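See below for the structure under consideration.
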Amino acid sequence: MSATWPVLLAPEALHARLGTPGLVVVDCRYVLSDPAAGERAYAQGHVPGAHYAHLHRDLSGPHRPGGGRHPWPDAESFARRLADWGVEATSRVVAYDDADGGFAARLWHLLRATGHRETSVLDGGWAAWRGLGLPASVETPAPVATPVRAVSWRVPPLDAPAVLAHLDGGGLLIDARAPERFRGEAEPIDPVAGHVPGAVNRPHAANLAGDGRFKPAAALREEFDALLDGRSPEEVAAMCGSGVYACHHLLAMAHAGLEGARLYAGSWSGWIEDPSRPVAVGDEAPRP
């Protein structure tokens, strides 16, 4: 394996590396409307040697005020899960899903937030893997006797007060939800429709090409540069409905060479937990 681990890894490249010491593959398939669907799909076939990560159990934590539907986990619990998968400090981790990369990007960002740089998302996910005729397995990897390694959040997510301060300071808040949800025209998941005043909308699907893989780095760089309008990546925060698909933007920006943006972990579902917080509708709305 090369000295530089990419943000996105092609299926052919992962296939060539299967069985390499230190490589850990994690299947992150999940369906919001059917929380058991990802595990069922995993049992029916997965990348050989892959472990399974459940969004609620493994990539989220217990609810806390403002945490939203998929709260950020505590570092100790996440460290135990990494040990279960055999992830060590020198491991190279590849995550994948079958839903545009958003769930895999959540694991990618969790690892990056601990300082673990050697992590990738499988570009095109399970669909691209199977579309190339690459092998599938129904065998669950044997338990790994890996010591629990203490980790900490070197890049912790933002909470609502930090988001307000971010906006007050001229920072950019990018909402990754579909346009109709951002505008408040439809809300199939959360009890209140609309968006955080001052946020701008870029649906996560804008990061993808027609084949379901991410756009080339140069194309994403051009699009995000236009959106940032002179801001540095450190002046950017990303949100979505619950802090999952916002990670898709963080991944796309990193692929484009724009690292340093932050995650609003509670996102929209966390924002509306406090009914006193303002809600905007339409394409644009000035902050009160």
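Here, each number is a calculation from the coordinates, and none is a lab measurement. It should be emphasised that the depicted structure is a prediction, and the values quoted were computed from it without experimental measurement. We place every Cβ from the backbone using ideal geometry, glycine too, and count neighbours over all the protein chains shown.
Take every pair of alpha-carbon atoms less than 8 Å apart whose residues are at least six positions apart; their mean separation over the length of region 160-271 yields a relative contact order of 30 percent.
Let me know the charge dipole size of region 8-131 about its Cα centre in debye, to the nearest 20, where only the beta-carbon of Lys, Arg (+1) and Asp, Glu (-1) is charged.
It comes to approximately 180 debye.
Just flag the GluC sites (Glu not before Pro) in region 218-288 sitting in loop per DSSP whose Cβ has no more than 14 other Cβ atoms within 10 Å. Can you show the working numbers first?
Values: sites: Glu222, Glu223, Glu234, Glu235, Glu259, Glu273, Glu284; in loops: Glu259, Glu273, Glu284.
Qualifying residues, ordered by number: Glu259, Glu284.
Normalising the average separation of contacting C-alpha pairs (under 8 angstrom, six or more residues apart) by the number of residues puts the relative contact order of the chain at 22 percent.
With respect to the chain, whose longest principal axis is taken over its alpha-carbon atoms, helix 217-228 is tilted by about 20°.
Work through the residues other than Leu59 whose Cβ is under 9 Å from its Cβ and net out their charges, Lys, Arg +1 and Asp, Glu -1. Walk me through the intermediate numbers first.
Values: positive: Arg57, Arg81, Arg106; negative: Asp58.
Net of charged neighbours comes to +2.
Where does each of Tyr264, Tyr42 land when they are ranked from fewest to most other beta-carbon atoms within 10 angstrom?
Values: Tyr264 27, Tyr42 22.
Final ranking by Cβ density, sparse to dense: Tyr42, Tyr264.
Is the C-alpha gyration tensor of region 1-156 telling us rounded, prolate or oblate? Criteria: a/c under 1.5 is rounded; beyond that, a/b larger than b/c is prolate, otherwise oblate. It would help to have the intermediate numbers written out before the result.
Numbers: a/c = 1.57, a/b = 1.21, b/c = 1.30.
Taking the square roots of the gyration eigenvalues as a ≥ b ≥ c, region 1-156 is oblate.
With helices as the sole contributors, the chain gives -8000 deg cm²/dmol at 222 nm; each DSSP H run of n ≥ 4 counts as -39500 (n - 2.57), and the sum is divided by every residue. Among Thr4, Thr140, Thr119, the order by Cβ neighbours within 10 angstrom, fewest to most, reads Thr4, Thr140, Thr119. In whole angstrom, note down how far apart the Cα centers of region 142-162 and region 17-71 are. Spelled out, the Cα-based centre of one part sits 16 Å from the other.
Could you point to the residue in Tyr52, Gly115, Ala145 farthest towards the positive end of the chain's charge dipole, with +1 and -1 charges on the Cβ of Lys/Arg and Asp/Glu respectively? It is Ala145, whose Cα lies furthest towards the positive end. Taking a Cβ cut-off of under 12 Å around Pro48, the surrounding Lys, Arg, Asp and Glu residues balance to a net charge of -1, with basic ones at +1 and acidic ones at -1. Normalised by the number of residues in region 26-77, the mean separation of alpha-carbon contacts (under 8 Å, six or more apart) gives a relative contact order of 29 percent. Charged side chains reduced to their Cβ positions (Lys and Arg at +1, Asp and Glu at -1) give the chain a dipole of some 540 debye around its Cα centre. The fraction of Cα-Cα pairs per 10 angstrom bin, counted from 0 for the chain, comes to 7, 30, 36, 21, 6, 0 percent, rounded to whole percents. Summing +1 for each Lys or Arg and -1 for each Asp or Glu among the other residues whose beta-carbon sits under 11 angstrom from that of Gly131 gives +1.
Couplings for region 179-186, taken from phi via the Karplus curve 6.51 cos²θ - 1.76 cosθ + 1.60 with θ = phi - 60°, read x, 5, 6, 4, 6, x, 7, 8 Hz in order; Gly and Pro are left as x. Taking every DSSP beta bridge with both residues inside the chain, roughly what % is antiparallel (nearest 5)? Just about 10 percent of them are antiparallel.
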